[in-house]
1. Which trypsin sites (Lys or Arg not before Pro) from the stretch A:1-86 combine a DSSP loop assignment with at most 13 other Cβ atoms within 10 Å?
2. Which longest run of chain A has no exposed loop site in it, a site being GluC sites (Glu not before Pro) in a DSSP loop with at most 12 other beta carbons within 10 Å, and the site itself not part of the run?
3. Using Cα centres only, tell me the gap between the stretch A:24-80 and the stretch A:97-133 in whole Å.
4. Could I have the simple spin-label model distance between A:ASN67 and A:GLN114, label points 7 Å from Cα toward Cβ, reported in nm to one decimal?
5. Tell me, how many Å apart are the Cα centres for the stretch B:81-135 and for the stretch A:140-216?
6. I'd like the orientation of helix A:16-32 relative to chain A: the angle between its Cα long axis and the longest Cα principal axis, in ° from 0 to 90, rounded to 10.
7. Taking +1 at the Cβ of each Lys and Arg and -1 at the Cβ of each Asp and Glu, which of A:SER103, A:VAL78, A:ALA183 sits farthest along the dipole of the stretch A:47-211 towards its positive end, judged by Cα position relative to the Cα centre?
8. Given the DSSP H assignment, sum -39500 (n - 2.57) over each helix run of at least 4 residues in chain A and divide by its residue total; what's the result at 222 nm in deg cm²/dmol, nearest 500?
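Bear in mind these aren't lab numbers, they're just calculated from the coordinates by the rules spelled out. These figures come from a predicted structure and were not determined experimentally. All Cβ positions, glycine included, derive from the backbone under ideal geometry; neighbour counts span all protein chains shown.
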Amino acid sequence: MAKVKVSKKSTRIDMTAMCDVSFLLLTFFILTATAKMPDPHPVDAPASTVQTKLPEDNLATITVGDNEVFFNVLGREVRRKTLERISEKYNVPFTEEEYTSFSLMEGFGVPVNQLKGLLAMEPAKRNEPGYQKGIPFDTINDQLSDWIKFSREASREFLNEEINSGKKDVKYVDLDIAIKGDADEDYTTIKRVIDILQDQKKNRFFLVTGLRDEDF
Amino acid sequence: MAELNTGGDGGKGGKVRSKKSNPGVDLTAMVDLAFLLITFFMLTTSLSKPQSMNLAMPDKNPEDTTTTEVPDDRSLTILMGKDNTLLWYLGQFDEPLVAPSATQYGKDGIRQVLLQRIASVKSVYGEDKDKGLIVIIKPSDKTHYKNLIDILDEMAITNVQLYAIGDISEPEVKLLEEKGMY
């Protein structure tokens with residue numbers, strides 16, 4: 001009589017390969033994730049059902065909240081070129097360090113005459129409440145309009161340089177403008193910003209919104 | 001899953017046995033953690049990309065004062081007041097085809113009005129895309145930006161092709177005031 005032997009199988013699995021793969025993926029996601037930069041003025045954008053994505057480059061964002069306006073343009077080169085033009089118009093010379101510091105700054109909201117003071121500050125201190133009170137944008141002292149105009153010129157110059165240097169996949173497009181308004185902002189402030197854009201014949205722009213479904 | 005090595009060398013005066021160490025490490029907890037983090041990073045990277053809505057305004061040319069004639073039965077005007085209030089009327093303000101009436105934002109309010117009007121315009125003018133309903137959006141100074149986005153969103157939901165943001169006029173503000181919406 002032969003005994004039927006029940007072979008005892010181990011319940012443990014070798015997880016080495018699984019662990020390898022998961023950490024590989026983890027590393028990939030960590031590296032590709034773009035760190036969210038702190039805003040000088042956090043706003044709560046209203047929600048909409050439209051799902052157009054914002055362009056990822058060649059974009060200037062105007063943040064509007066509490067009657068204050070903040071400006072940010074993407075790309076270090078474009079920022080530097082924008083500041084060069086502002087420096088020329090307002091007769092404020094900037095040092096090389098200040099240019100570098102400005103090109104690394106994500107958004108700001110101070111009048112031109114306070115820009116030097118802001119650039120001299122530690123980057124972490126700049127976003128503390130109370131330091132940045134918005135860019136003047138009324139009809140008498142319309143600095144926002146200059147920032148938009150010069151950043152569009154700067155973006156044009158930058159793209160032209162890219163094209164002339166022989167980069168094939170660069171196309172000339174006008175700088176896109178996005179308005180990121182706070183949900184509780186009064187329409188008059190937004191209207192003023194839109195008017196500034198329209199005065200520069202910039203009639204198409206993006207409104208940054210959150211996401212919701214149609215059931216509201 | 002995790003193994004705890006309890007007990008150990010209980011006997012006294014026994015021989016010191018060299019323990020056979022297990023060469024495999026229990027990776028379960030590590031894999032758990034890794035997948036948790038992967039899920040987190042996957043979700044946050046795709047969700048953090050901001051959504052946006054396109055807005056095209058008409059060209060603002062001070063010399064160009066021509067106004068396009070719009071048939072009254074196709075033009076619907078939305079007046080926006082404070083605190084999520086709105087009025088709508090059909091036709092011209094002086095002699096509206098449908099008198100200004102109040103409604104609310106959202107699917108039970110202005111969306112129903114828009115859908116009704118779109119249907120009635122369609123029954124008169126046919127399926128022609130250029131002859132659809134024209135919506136004129138007039139926010140007042142007390143309107144919150146959120147409400148403007150709400151209305152623009154309704155345009156996208158109800159698929160209104162022709163709409164414009166206009167400036168509110170004096171009598172229209174007066175009407176809003178009378179109704180306590182300004």
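1. Values: sites: A:LYS3, A:LYS5, A:LYS8, A:LYS9, A:ARG12, A:LYS36, A:LYS53, A:ARG76, A:ARG79, A:ARG80, A:LYS81, A:ARG85; in loops: A:LYS3, A:LYS5, A:LYS8, A:LYS9, A:ARG12, A:LYS36.
Taking the stretch A:1-86 and a limit of 13 other Cβ atoms within 10 Å, the loop trypsin sites (Lys or Arg not before Pro) found are A:LYS3, A:LYS5, A:LYS8, A:LYS9, A:ARG12, A:LYS36.
2. The reported range is A:57-213.
3. A separation of 17 Å, based on Cα centres.
4. 1.5 nm
5. The stretch B:81-135 and the stretch A:140-216 have Cα centres separated by 31 Å.
6. 0 degrees
7. Value: A:VAL78.
8. Taking each H run of at least 4 residues, the total per residue is -12500 deg cm²/dmol.
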